[in-house]
1. In segment 128-178, which chymotrypsin sites (Phe, Trp or Tyr not before Pro) fall in coil by DSSP and have 14 or fewer other Cβ atoms within 10 Å?
2. Dipole of segment 19-315, Cα-centred, from +1 at each Lys and Arg C-beta and -1 at each Asp and Glu C-beta, to the nearest 20 debye?
3. Using only the alpha-carbon atoms, how far is helix 221-231 inclined from the longest principal axis of the chain? Give it as 0 to 90 degrees, nearest 10.
4. Using modelled amide H (1.01 Å from N, peptide plane; none on Pro or chain starts), what sits under 5 Å from the amide H of LEU243, excluding residues fewer than 5 places away?
5. Based on the Cβ-Cβ distance of GLN105 and ASN302, what FRET efficiency does E = 1/(1 + (r/R0)^6) give at R0 = 45 Å, to the nearest 0.05?
6. Give the ranking of GLU182, GLU294 by solvent-accessible surface, highest area first, calculated with a 1.4 Å probe.
7. For the chain, find the longest principal axis of its Cα atoms and tell me its angle to the long axis of helix 266-276, 0 to 90°, nearest 10.
8. Ranked by accessible surface with a 1.4 Å probe, highest first, in what order do CYS126, CYS98 come?
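The values are calculated or read from the model by the stated rules, or taken from the named source; none is laboratory data. Treat the numbers as computed from the prediction; the structure is a model and nothing was measured. Here the Cβ is made from the backbone with ideal geometry for all residues, glycine too, and neighbour counts use every protein chain on show. To get the accessible areas, we keep the full protein, side chains included, count just its heavy atoms, and leave off ligands, DNA and RNA. Shrake-Rupley method; radii C 1.70, N 1.55, O 1.52, S 1.80 Å.
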Amino acid sequence: MKSSFQLQHQFQQSNTQYRGRFAPSPSGPLHFGSLVAALGSYLQAKSQNGLWFVRIEDIDKPREVPGSVDTILDGLQRFGLFWDQDPNTTSEQQYRQCLVQSSRQERYQHIFDQLKKHNHLYTCHCTRKGIKKLGGIYLGQCRDKNHEFDQHAVRLKQHFEHGQFEDLLQGHIEVDKHLVNEDYIIKRTGGLFAYQLVVVIDDIDQGITEVVRGADIMELTPRQINLFNLIGVTPPSYLHLPLIVSEDGKKLSKQNHAPALNCDDPIPELIKALTCLGLPTENTTWLSSSSVTEIIEWAIKNWDIKHIPTQLDILI
Ligand SMILES: [Zn+2]
């Protein structure tokens with residue numbers, strides 16, 4: 001049966017000002033794909049006089065590359081992307097005025113306990129191998145087995161049929177129903193909270209009004225929207241930017257060893273990123289002799305989501 005509950009919010013949203021965010025994981029330096037995503041979310045926020053936060057998604061501590069938080073933050077600043085401090089988060093939850101996921105275990109545990117109390121969770125003993133053998137989608141085999149809550153993975157029961165949403169750029173999106181209705185993992189074997197849970201809690205607590213990010217997360221968006229609804233909070237709007245892919249069709253990512261950005265000479269890559277986002281950079285040779293600050297100011301003034309390419313990936 002569908003049941004939702006009202007969470008006690010840690011933070012109160014004081015007004016309806018635009019609040020956006022860029023949320024890198026510290027698994028390596030910034031690369032061109034992350035620059036396009038950061039720039040897109042920044043320009044969308046700043047063109048509406050909004051706030052733009054940076055959130056460090058370091059929930060997966062074992063994958064963190066030491067020093068990369070500073071490398072990423074320094075890199076953003078070299079490209080003229082300065083973030084706002086979120087007045088709603090405490091200083092213990094911040095590093096260089098960015099919200100840090102690893103400082104928020106207690107908060108995640110609190111929401112987890114609420115979900116558990118309301119019978120939305122169950123423990124799953126299935127192995128990844130076993131699920132793969134059965135086609136790769138988890139079919140709820142442990143839903144009614146009442147396994148003890150221990151060190152095994154914990155899944156969230158899906159009560160929703162929603163597999164669709166309106167993307168501000170991509171339009172009406174329908175996601176495979178089986179994927180949407182899969183009871184996905186929110187706490188991993190061994191006790192790590194999963195991205196799917198923490199991203200929603202963070203967006204709620206930071207009062208994010210719009211999420212602008214790469215299209216690789218698009219298929220998972222209905223899950224997040226459903227979790228917002230389950231918790232009793234209106235979800236933000238979503239805009240999925242085209243993904244930057246390399247010649248072999250692979251997403252530029254830290255896992256694929258995408259080359260780090262050259263932060264000592266930011267202007268060429270900044271202009272290239274603006275071109276990918278549909279800014280009218282042609283016939284503006286003056287851009288290459290301008291400062292980063294001037295280019296960013298120009299980009300804010302000329303930003304228009306109608307000009308962003310709607311394809312799901314851009315080959316560079
Ligand atoms: Zn199972």
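1. PHE149
2. 960
3. The answer is roughly 60 degrees.
4. Under 5 Å from the amide H of LEU243 lie the amide H atoms of ALA215, ASP313, ILE314, each far enough along the sequence or on another chain.
5. Efficiency computed from Cβ-Cβ geometry: 0.60.
6. Ranked from most to least accessible, the order is GLU294, GLU182.
7. Roughly 70 degrees between the two axes.
8. The residues order as CYS126, CYS98, largest area first.
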